[in-house]
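Everything below concerns the one structure shown next.
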């Protein structure tokens, strides 16, 4: 479990400090405060990390072997804060770890990624590594460094909303949606049109892909190109998604046209169980290819999608996936059915009358 600490900026107004302390008691593993603030935090029951006074975790602002050894001999939890500006500071973190400090707090004021990756590679499994960050985006970056990420973050903030966002990042469960089997009622060749390949900055597994559909009320799960064949190597980063005019989801509440996607945008990756995660688009390829119109029904609702007419495009099923060139009436594939209603610039407008065919 990744740890979340909060360090409250000294200049923070008293009423805001109180709000953050109250919030921290519910979402944080520890709070870094001094003096009266430490006493107030202690009353909430949260772990207090401080450089002096009564605290659960003793924080040293610099490496001091004698102090570390003395505190460890007394059975205390110890954190050492290291400002990383070069290789010597990376070595300091290793020295602290060799003395079995419980935490090393890494402040990287200049380079944010490479120092963390170096220290994670050398130090992981010894002391817990916490990155000092000032906002949500820095926290996300630190938690993803070298894929493994640091063991937690110390958020330095005077903004309760930043703490809430960061807590959601560390504590939130992966969201899920309900995918339903829908029955194929028609597969029809419709000629040539512009279709979109979405190349992501991620790697997908069998059963994972992107949700697309002609209507905002129904999305088919198109599988990534994860399967090899005698003619084409697997491309697990790619989803051959379909016609440029199709909707896809960038979040549960927002649709995008496939034609709008570009490098750097976020797109939802979904697996056959409905687990979701965000990935970034690395490239979008629009090319003219022969197309198929696919229609399916579920609970008297008919949904449609348009995909390239090729063997490598597969729709996800409950038991695997099936090439669109093999689909026939009566087959079942997985789809996500949303609330009825149209979209205005990607947002659902419940009271607006929109008919999509």
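Values quoted throughout were computed directly from the atomic coordinates according to the rules given, and no laboratory measurement underlies them. Because the structure is a prediction, the values reported are computed rather than measured. Please note: Cβ atoms are built from the backbone with ideal geometry, for glycine as well, and neighbour counts cover all protein chains shown.
The coefficient of translational diffusion for the stretch 177-270, derived via Stokes-Einstein from the alpha carbon Kirkwood radius under 10 °C and 1.306 mPa s, stands at 112 µm²/s. Between residue 87 and residue 245, full extension at 0.36 nm per residue minus the direct alpha carbon distance yields a gain of 51.7 nm. By DSSP, the beta bridges lying fully in the stretch 68-221 are antiparallel in about 20 percent of cases. For the stretch 180-348, taking Cα atoms only, Rg and Dmax work out to 14.3, 44 Å respectively. On the beta carbon distance between residue 183 and residue 263, with R0 = 35 Å, the FRET formula returns roughly 0.40.
Estimated from the Cβ-Cβ distance and a Förster radius of 30 angstrom, the FRET efficiency linking residue 102 and residue 164 is about 0.65.
For a paramagnetic label modelled on residue 288 (point 7 Å from Cα along Cα→Cβ), amide N atoms under 17 Å away belong, within the stretch 304-323, to 308-309. Compared with the direct C-alpha span, the chain from residue 140 to residue 278 gains 48.4 nm at full extension, assuming 0.36 nm per residue. The long axis of helix 35-44 is offset from the longest Cα principal axis of the chain by roughly 50 degrees.
Counting DSSP beta bridges with both partners in the chain, what percentage is antiparallel, nearest 5?
Of those bridges, close to 65 percent are antiparallel.
FRET efficiency for the pair residue 326 and residue 22, taken as 1/(1 + (r/R0)^6) with r the Cβ-Cβ distance and R0 = 41 Å, rounds to 0.10. Here the extension length gained between residue 310 and residue 114 equals 66.3 nm, from 0.36 nm per residue of separation less the Cα-Cα distance.
Of all the C-alpha pairs in the chain, what % are more than 39 Å from each other? Before the final figure, lay out the partial values.
Values: 22665 of 63546 pairs.
The share of Cα pairs beyond 39 Å in the chain comes to 36 percent.
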